[in-house]
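The values are calculated or read from the model by the stated rules, or taken from the named source; none is laboratory data. Fair warning: this is a prediction, and the values are worked out from it, not measured in the lab. Every residue, glycine as well, gets a Cβ built from its backbone with ideal geometry; the counts of neighbours run over all protein chains shown.
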Amino acid sequence: MRYKYSIIDHPLIFRQPSGTSRGILREKGSMFIVTYVDAMLRGIGEVSTIAGLSPEVDLDIAELVRRHMRGDRSVYAPAVQFGIEMWQRSLTHDEPMIFHRSSWSQGTRGIPINGLIWMGQKRDMLRQIKDKLDRGFTCIKLKIGAISFEEEIDLIKNIRDEYPPSEIEIRVDANGAFTSQEAMDKLLRLYPLGIHSIEQPIRAGQWEDMAQLCDSTPIDIALDEELIGIDQRSEKERLLEVINPQFIIVKPSLLGGWEASEDWINLAGQRNIGWWVTSALESNVGLQAIASWVATLDTTMPQGLGTGGLFVNNIEAPLYIQNAELWYNPNKSWDFSIIADKSNAL
């Protein structure tokens, strides 16, 4: 059966401006591909883009969706690919928000997640850290590179004064903030603080420099932005073989969906490279789609999920965090009223 669809533009607005090494985020792009049958939601997918990261962010997203739906994939658009893959899978289930079935989607187990600490003033970051630790998180991820490195070192020392590595795992994400020349010195400064791993210490595209870092680093390195824009399997293999990182970060909205993400995971596994999955500022729809898929994978590592509370205009969902795990309650309903009046917008 061929289903009709609508495209709804619904930019997500942050509750508080959120800092990264690339600047301050106040809102981000989000579109929904939706199908209604007899006034009931039958299928939904989210096209989630981030300025400066998503390859298609400056293009006409709605037109790209229509082109991809017609089979024209001449323009590489990973967020569009994932949105359509999500929509198609939603249509196959009696319950459109059950993208993958597992004990998680049945509400009987949670997915361990890390607590994300956004960049900001030192006092604000300390407040975020205390909140996460008070809520029982044993793995926290700090975005670094927006304030001075000395202040960031001091922040981590404050954590380590109270919590040794055996109690709290600390991941840091540089988002490419270091130069190739300074990266090793900074890794050596971080090493005594018991850091689990660092994501993307230098900007993407410097394969030889990244390979040298990964070969001699005192801290495990995880590739993140490095994977974006690489679509061909041969190029994926070449990147992993040249750089040989300790980990890769898998973000379906930036890599082209579940199938493309599983390809990265399989290629990494063949080379003894670890991985974990991270959402990329999707609404609760995208978060649900990613989490339901993660629950089917063979991993017990804390995942980078749980960003749904960042936005003032998110879709209300039966997702919740308990004991540092992301849970889903199948007995509660979704509320799509915030986008219902836009269903014929595009």
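Residues considered: Asn323, Asn272, Asn284, Asn314. Of these, the only one that is modelled with pLDDT of 95 or more and on the phi > 0 side of the Ramachandran plot is Asn272. Restricted to segment 45-73, and to residues that are within 22 Å of the chain's Cα centre (by Cα) and acidic (Asp, Glu), which residue is farthest from Glu282 (Cα to Cα)? Across segment 45-73, the extreme among qualifying residues is Asp58. Looking across Glu56, Glu85, one residue alone is within 20 Å of Gln232 (Cα to Cα) and part of a loop (DSSP other than H, G, I, E, B). It is Glu56.
If you go through segment 14-43 and keep only what is β-branched (Val, Ile, Thr), out of contact with any Leu (no Cβ under 9 Å at 6 or more places or on another chain) and either within 16 Å of Phe336 (Cβ to Cβ) or modelled with pLDDT of 95 or more (or both), you end up with Ile33, Val37. Residues of segment 109-118 include at least one that is out of contact with any helix residue (DSSP H, G or I) (no Cβ under 6 Å at 6 or more places or on another chain), surrounded by 17 or more Cβ atoms within 10 Å (Cβ to Cβ) and at pLDDT below 95. Selection within segment 191-202: residues that are in contact (Cβ under 8 Å) with a residue 40 or more places away in the chain and in a strand (DSSP E or B). The member of this set that is nearest to Lys157 (Cα to Cα) is His196.
Can you tell me which of Leu188, Leu213 is in contact with a helix residue (DSSP H, G or I) (Cβ under 7 Å, 6 or more places away or on another chain) and either closer than 16 Å to Trp276 by Cα or not in a strand (DSSP E or B) (or both)? Step by step, each of Leu188, Leu213 is checked, and only Leu213 is in contact with a helix residue (DSSP H, G or I) (Cβ under 7 Å, 6 or more places away or on another chain) and either closer than 16 Å to Trp276 by Cα or not in a strand (DSSP E or B) (or both). At least 1 residues being basic (Lys, Arg) and either more than 18 Å from Ala174 (Cα to Cα) or touching a helix residue (DSSP H, G or I) at 6+ places or on another chain (Cβ under 6 Å) (or both) is the threshold, and among the helices (runs of 4 or more DSSP H) wholly inside segment 224-309 those reaching it are 233-243.
Just a yes or no: is a residue in segment 57-75 touching a Ser or Thr at 6+ places or on another chain (Cβ under 6 Å), surrounded by 19 or more Cβ atoms within 10 Å (Cβ to Cβ) and either on the phi < 0 side of the Ramachandran plot or among the aliphatic types (A, V, I, L, M) (or both)? Checked segment 57-75: no residue is touching a Ser or Thr at 6+ places or on another chain (Cβ under 6 Å), surrounded by 19 or more Cβ atoms within 10 Å (Cβ to Cβ) and either on the phi < 0 side of the Ramachandran plot or among the aliphatic types (A, V, I, L, M) (or both). Here the condition is being more than 26 Å from Ala280 (Cα to Cα), at pLDDT 90 or above and not in a helix (DSSP H, G or I); of Glu182, Glu167, Glu150, it holds for Glu167 alone.
Evaluation of Gly205 against the conditions (1) assigned to a helix (DSSP H, G or I); (2) surrounded by fewer than 20 Cβ atoms within 10 Å (Cβ to Cβ); (3) not hydrophobic (A, V, I, L, M, F, W, C) shows that the sole unmet condition is (1).
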